[in-house]
Amino acid sequence: MKITTKINLLTTVWMLCILILINFVVYISFMKTTINMEEDTLFQKAGDIVNEINTKQSQSEIEDYLSEHSYIRIIEPRNKIVHEVTNDKILSKKIKGKYTKIKQAKTYLISEEHGEEQVLVVRVPINNGNQFKGSLEIGERLQGLETRKEILRAILIFCTIIAALLSLLGGRWLANMIMRPISNMIKTMEEIEKSGVPKTITIQNKAKDELQTLVKTFNRMIDRIQINMDKQKQFISDASHELKTPLTVIKSYANLLRRRGLENKDLADEAIKAIHSEATRIQKMTDTFLDLATLEKVNVLEIKEVNLVSLCKNILKQFKDVYRREITLHSDGFPIMISADELKIKQVIIILLDNAMKYSKDKIDVFLEKNQQHAIIRVKDYGIGIPEGEINNIFERFYRVDKARSRETGGSGLGLHIAKGIIKLHKGEINIKSKEGEGTEVVLFLPILE
Ligand SMILES: Nc1ncnc2c1ncn2[C@@H]1O[C@H](COP(=O)(O)OP(=O)(O)OP(=O)(O)O)[C@@H](O)[C@H]1O
Ligand SMILES: [Mg+2]
């Protein structure tokens with residue numbers, strides 16, 4: 001069943017229930033007040049008759065008080081009817097006379113050919129000194145009430161039908177109003193499914209309601225998907241562009257070798273060296289691509305307790321052995337414990353040291369400190385530095401300050417991007433301070449283990 005039909009049916013059924021309840025209350029209170037009013041008039045009449053009997057000491061004129069379909073009786077104790085006038089024999093036969101000492105009113109239901117009919121009977125005591133002791137009883141068919149009841153019933157039924165129809169129409173309007181943005185969304189989703197192109201929904205209603213929030217959230221999600229798709233496209237085009245250059249170099253040197261390389265030993269040497277170095281670059285690059293891809297996945301960290309001091313000592317030793325550069329570790333020697341993915345943190349430090357070595361010729365200093373919340377690693381070089389306007393850009397994928405220079409140094413512009421991603425996964429922070437011509441200091445903050 002469609003939601004619109006469901007909403008429609010439910011509202012109508014609910015409306016009908018409410019109406020039936022209201023009708024019931026109206027009907028009951030109408031009956032009650034009408035019977036009360038009839039009672040009052042009959043008591044009034046009984047009072048008048050009793051007065052007359054008392055003053056005139058005669059019961060002969062009570063006939064004047066008869067109204068349509070009624071009877072009047074005077075009854076002595078032990079229910080003995082001493083006088084009765086009536087213009088409805090059937091009625092007076094069906095209702096038995098009853099003596100009473102107190103004022104009372106009662107309704108009876110008597111069966112008639114066309115159904116049941118209500119009869120109102122009032123009884124009042126007659127008391128004129130010691131002369132006579134008895135009670136007066138007046139019975140009257142509530143015929144007016146029957147017709148009014150019928151009219152009321154017809155009106156109520158008519159109103160209920162009209163209200164049900166209106167509620168059906170209103171429900172349909174309401175359901176359509178609610179469903180319109182949802183239908184729009186379904187349409188857009190189907191279009192997206194068919195074409196594969198993310199598309200946002202145009203917001204039609206100005207009201208700031210849940211449906212608008214739904215549409216806005218959907219649009220935000222689509223925007224995010226769009227941005228990610230754009231990023232992916234950008235990445236693929238950047239990556240293939242990056243790969244193209246070394247491949248072209250390799251291809252041209254290979255061609256050269258094929259044509260005349262083997263005759264000329266120097267040329268062959270140069271070609272092989274170039275091919276080797278470019279191939280190494282491609283290899284490094286593909287490794288970083290893989291790193292990037294794993295970074296985009298969530299929960300890739302293998303967290304354990306890591307002592308930063310010994311980790312840095314090991315890395316620095318390797319670097320000093322391989323590159324023969326002056327790299328100094330400054331720390332108070334006390335272990336600094338963090339919970340982190342050791343390999344990833346090692347990768348970050350290597351990225352920073354690699355940069356420091358590539359972009360400086362002088363010594364390199366590594367400082368290890370901690371404050372109350374963070375372990376702080378500072379990698380400082382005294383090299384070419386980064387122009388002030390570029391500091392914000394260098395974390396972008398494939399961004400290099402000076403493309404020509406970086407080509408020489410063999411970078412692909414991914415190192416800092418990857419480093420930042422890893423630090424972010426560890427809920428840490430990476431900051432860069434640099435002055436062109438004077439040097440660069442990269443500062444890492446990593447949450448410390450208590
Ligand atoms: N210590 C530094 N001194 C001077 N410039 C730096 C330093 N570190 C980074 N840069 C600049 O920032 C750019 C981006 O650095 P990043 O490490 O991301 O890439 P890369 O070193 O060029 O290549 P990769 O690290 O991927 O091999 C570098 O190209 C360089 O211009
Ligand atoms: Mg680098």
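Brief remarks on what is shown
- Within the range 430-450, residues that are among the small types (Gly, Ala, Ser) have Cβ atoms under 9 Å from residues that are assigned to a strand (DSSP E or B) and within 16 Å of ligand 2 (Cβ to nearest atom) in these pairs: SER434/THR440; SER434/GLU441; SER434/VAL442; GLY439/LYS380; GLY439/ASP381, counting only partners at least 6 apart in sequence or on another chain.
- Extreme residue, nearest to ligand 2 (Cβ to nearest atom), among residues of the range 355-389 that are surrounded by fewer than 16 Cβ atoms within 10 Å (Cβ to Cβ) and within 28 Å of GLN234 (Cβ to Cβ): PRO387
- Qualifying positions in the range 55-100 - surrounded by 13 or more Cβ atoms within 10 Å (Cβ to Cβ) and charged (D, E, K, R): ARG73, GLU76, GLU84, ASP88, LYS94, LYS98
- Of all the numbered requirements in (1) outside any loop (DSSP other than H, G, I, E, B); (2) over 60 Å from the mean Cα position of the chain (by Cα); (3) at pLDDT 90 or above, LYS96 misses one, and that requirement is (1).
- Of the residues making up the range 14-30, those that are farther than 14 Å from GLU150 by Cα and touching a residue at least 12 places away in the same chain (Cβ under 8 Å) are MET15, LEU16, LEU19, ILE20.
- Applying the condition of being under 16 Å from ILE338 (Cα atoms) and of a type in the set (D, E, K, R) to the range 420-450 and asking which residue is farthest from the chain's Cα centre (by Cα) yields GLU450.
- The residues in the range 427-450 that are outside any strand (DSSP E or B) and among the charged types (D, E, K, R) can be counted, and the count is 4.
- Here PHE30 passes the criteria (1) closer than 30 Å to LEU156 by Cβ; (2) touching a strand residue (DSSP E or B) at 6+ places or on another chain (Cβ under 8 Å); (3) not small (Gly, Ala, Ser) except the one numbered (2).
- Any hit, the range 107-114, residues being touching a residue at least 40 places away in the same chain (Cβ under 8 Å), assigned to a strand (DSSP E or B) and within 60 Å of the chain's Cα centre (by Cα): yes
- The residues on offer are LEU425, LEU343, and the sole one that is farther than 16 Å from ASN307 by Cβ and out of contact with any strand residue (DSSP E or B) (no Cβ under 6 Å at 6 or more places or on another chain) is LEU425.
The values are calculated or read from the model by the stated rules, or taken from the named source; none is laboratory data. This one's a predicted model, so the numbers in the text were calculated from it and none came from an experiment. Here Cβ is always computed from backbone atoms with ideal geometry, including for glycine, and neighbour counts include all displayed protein chains.
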